[in-house]
Structure formats: structure tokens, C-alpha cells
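In what follows, a single structure is set out as C-alpha cells and then discussed.
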Number of protein chains: 2
Amino acid sequence: MAKHEKISEAVVRRLPIYLRYLSYLQQNEVTTVSSQQMGKNLDVNPAQIRKDLATFGDFGKKGIGYDVNYLVEKIRQILKLTDEIRVALVGAGHLGHAISNYNAYLKDNMRIAAIFDNDPGKLGKEVAGIPIQPLNELADTIAQRQIKLAIITVPAPAAQSVCDQLTQAGIKGILNFAPTTIRAKKDVRIHYADVTSNLQSLAYYLT
Amino acid sequence: MAKHEKISEAVVRRLPIYLRYLSYLQQNEVTTVSSQQMGKNLDVNPAQIRKDLATFGDFGKKGIGYDVNYLVEKIRQILKLTDEIRVALVGAGHLGHAISNYNAYLKDNMRIAAIFDNDPGKLGKEVAGIPIQPLNELADTIAQRQIKLAIITVPAPAAQSVCDQLTQAGIKGILNFAPTTIRAKKDVRIHYADVTSNLQSLAYYLT
DNA sequence: TAGATTGTTAATCGATTAACAATC
DNA sequence: TAGATTGTTAATCGATTAACAATC
């Protein structure tokens, strides 16, 4: 039975990792998997995996393990990946282009549904079949197309303003590639993926 | 005085964030900053910031705060950003191209010094002024150019093999954009930055 | 039944925050 | 001196891991 404790961010970050491995097993027609096997493949403690999953329900069978198809379905439900989730991308520079072309990868019901950029030279052009729109169309488009998440790939100085416009338009989750901290109301989730800080913290561990 | 406890990963991940804000203050010719001011701007608890910094030494002055220039220098030392750090990029697809063009951004003594890809159609071509080399030159090039870190932007099925070749060549830190878990010896640090899992965990928080 | 593996409790470990003496 | 702010200790909070009864 699903419990209603508050779920830790660490658990939510691991679920997509589990899902990815389980999808891989599905493709290979594996029907059952144990926490031990998952842990070995994903470098996660098996007790951790069992505990994570038990947070949401009794998905396994004692002595047997987890049914792969069933677990995939359950995790997709938990992550709300059952209906298509539409994503806006703001910033059609090199990185924006690259991520737009990821649409093929973003199976599992995620889709980049709109691209915004204020560069007049880019307006009207298309990236991966999606037209580039000016930012003044952001609010309307997000409402019309029921876009729920956004990716920011604008330069750092523009990121906070874009963030403000996105949250104004009702976006509740942002993946920020701009190398700057951005702030929003507490009910807006912000994940960071910028290359620079990632590399800099890696540097700490050298020699 | 620098203490020799073991430093938690959380601290190391925050240092680049502090550094970024401090650089911003430098540009604005601010000479002194308090943990309170930093905390307010970065959404981090001021006690956290003081504790993080105190791990490495007594950098502040009671009643005054931190000298911006001095703190920048100290954090750069801690993160080993004093000498140029060379980075290899493996996978010259759209994302690889985008990141290569980040070289301008990666000031602070980071530089992409080599690009590898096995697509025969790409060999010999250049990205952002850097020639694309075949993977069989990876080990030699990494040794010659004293490359210390690597970014993986190859498709998921190739990522583990690339990781193996990189660690074989002595790389100790990897930033992985491929949507798959990769494994390496414990002395190799792997950071993940793939778009899919980031977006999927954001989806959890919707509605 | 014997072996395997879950779900869960208890123990451990680690990270964050509050509070305050020291001191600029 | 009065006000501000650090560095650090103690308290709190949260996350991970070990262990094992339940049970397939």
C-alpha cells in the first residue's frame, strides 16, 4: 500500500535509474529481477532499492523478486509518465539545438513541444521540426499546449528572467543548463545540469 | 588551518556555486561578503556556508565577513583550478558540438583539449577549432596532452566501452551525458548530467 | 522442505541547522 | 563601546545499511 510519508529527493532521483535498467531488461525479455541483481548493475545497495520501492507499495514477491513488467508500470505511474508530458525549451543556441534533437531519446512520454528564443535571426526557423517562437508567446503557448516542464539553455544573464516568465506561466519544474543559480517560489522544482560546475567539482578529486 | 577530515561530496558540489557568485561579486568590485549575503543569493543556509568554508581553513574575519578576492583564490586552490585542466570530449554529435563551443564559457582554467569520435565521416573535421580524432588515438592523446577529465556524449550503448577506455588511459573524472549508468573503479569519479533522468525526476513533482 | 528474497526494523552514518562564545 | 559576523559545538534531521522474520 502506498504510504504518505514525504518522499525524499534522493529516492525520486533514483527511480528513473531503476526505470532505465528495467526497460533494458524488458527489451531483453527478462521477466523477473531481484534487488540484488539491480543493485549489482546500478551500483546501488540492494537494501536501498527494496526500501525505495517499498515506499510506494509492496511490489515484490518474497523469495522471488520483482516482476519486471509490473515494476516498470508502477514506477511510470509514480513518476507520472503515464500521460505525455510536454516540455518547453528556451534558448535555441547550440545546446538547445542538441537537446531538441534528443526528442527521439525522450521516449517514455516526454516531448519537447515548443522552442523559444528572442534572437530575431532565429524566429520562424525550425529545430527538429519545431518552430522557434519569440518569448512574448511563451505564456500563451504553454497554456495552449499544456506544457508542464521547461529546459533553460539561454546564457546565464538571461536565465533568471526566463525562469520568472516560466513560473509566471505556471511551469512547476525546470531543468537549468545555464551556469547560474536561479530562484523561484518553493513549489517550483529546479534541477541543475550545467557543465561548468559539474566539471569544477570533478576537478576537486584529481590526484 | 586546513583539516584533514574527509570532505563530503555535498560540500564539493557547493564550492563551484560559491565560486561563481564570488566571481560575480569580483566583477562588480565588491570586496567583502558575509555568509548571510551569500546564503540569500544562493538559497543556501548561511551556517552551511560557514561550515563548508571552515572545513578548509579560517577564511573569514569575525564581525566583518569574507574578503572576496581572497576567498576566490582559496576556493580555486581547493578545486585545483590554479593550473589549466584539460578535458577530453568523446562523441562529436549534436551535444558534443554544443559543449565544445562552451570552451569560451569554461574559463577558470578548464579547456576541451581533444575530441574523439569513431564516425569515419567526421574524422579530420574540426569542432570549435579542435580536430576530431578516432578513438584508437585516445590513450596516446590523453597522455601527451595531460588530459585529466572527460565528457561522454556518445549514445548509451557505447558509453561503458568509452568509459573503460578513458579509465584505462588514466582519466579520474568523467561527466556522463549518455542516458545510462556506467561503472568504473572506485577511484574514478563519475557525475551524471543526462537530460532524460533529470526530466523524469522533475515529472514526479507535477501537480 | 530448502533456498531465495522481500519488506521492515533497528543501527549506523552523515549532513544540516541552531545557537553562541569569540572577536573584529 | 555596540553591532556584526565568524568558527564551532551541540542538536536535529535525514538517508543508508545491516539484519532478520516472513514467506514464496
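For the reader, a short list of remarks on this structure follows.
- FRET efficiency for B:Glu9 and A:Thr141, using Cβ-Cβ distance with R0 set to 45 Å, rounded to 0.05: 0.70
- About the Cα centre, charge dipole magnitude for the protein assembly as shown (Lys/Arg +1, Asp/Glu -1 at Cβ), debye: 1160 debye
- Membrane-span-like helices of chain B, defined as complete DSSP H segments with a Cα extent of 30 Å or more along the helix axis and a mean Kyte hydropathy of at least 1.0, are absent.
- Cα gyration tensor shape of the stretch A:9-78, rounded if a/c is under 1.5, else prolate or oblate by comparing a/b with b/c: rounded
- Shortest-first nm distances, B:Gln48 label point to equivalent points in other copies (7 Å, Cα→Cβ): 2.0
- Distances in nm from B:Pro155 to the matching label points in the other copies, shortest first (labels 7 Å along Cα to Cβ): 3.5
- Rounded to 5, the percent of DSSP beta bridges in the protein assembly as shown classed as antiparallel: 20 percent
- Heavy atoms of the protein chains alone define the surface here; on that basis the stretch B:70-173 has 44 Å² accessible area per residue at 1.4 Å probe size.
- The charge dipole of the stretch B:65-151, taken about the Cα centre with unit charges on the Cβ atoms of Lys, Arg (+1) and Asp, Glu (-1), comes to about 100 debye, rounded to the nearest 20.
- Put simply, the amide H of A:Ile151, placed in the peptide plane, has neighbours under 5 Å in A:Ala88, A:Leu89, A:Val90, A:Leu175, leaving out anything fewer than 5 places away on its chain.
- Paramagnetic reach from B:Thr82 in the stretch A:184-207 [backbone N under 17 Å; point 7 Å along Cα→Cβ]: A:203-207
- For B:Asn69, the label point sits 7 Å beyond Cα toward Cβ; its separations from the matching points on the remaining copies run 6.9 nm, from shortest to longest.
- Of interest is the spacing of the C-alpha centroids, which for the stretch A:107-152 and the stretch B:12-29 amounts to 31 Å.
The values are calculated or read from the model by the stated rules, or taken from the named source; none is laboratory data. Please read all numbers here as calculations on a predicted model, not as lab measurements. All Cβ positions, glycine included, derive from the backbone under ideal geometry; neighbour counts span all protein chains shown. SASA here: full protein model, heavy atoms, side chains in, ligands and nucleic acids out. Shrake-Rupley method; radii C 1.70, N 1.55, O 1.52, S 1.80 Å.
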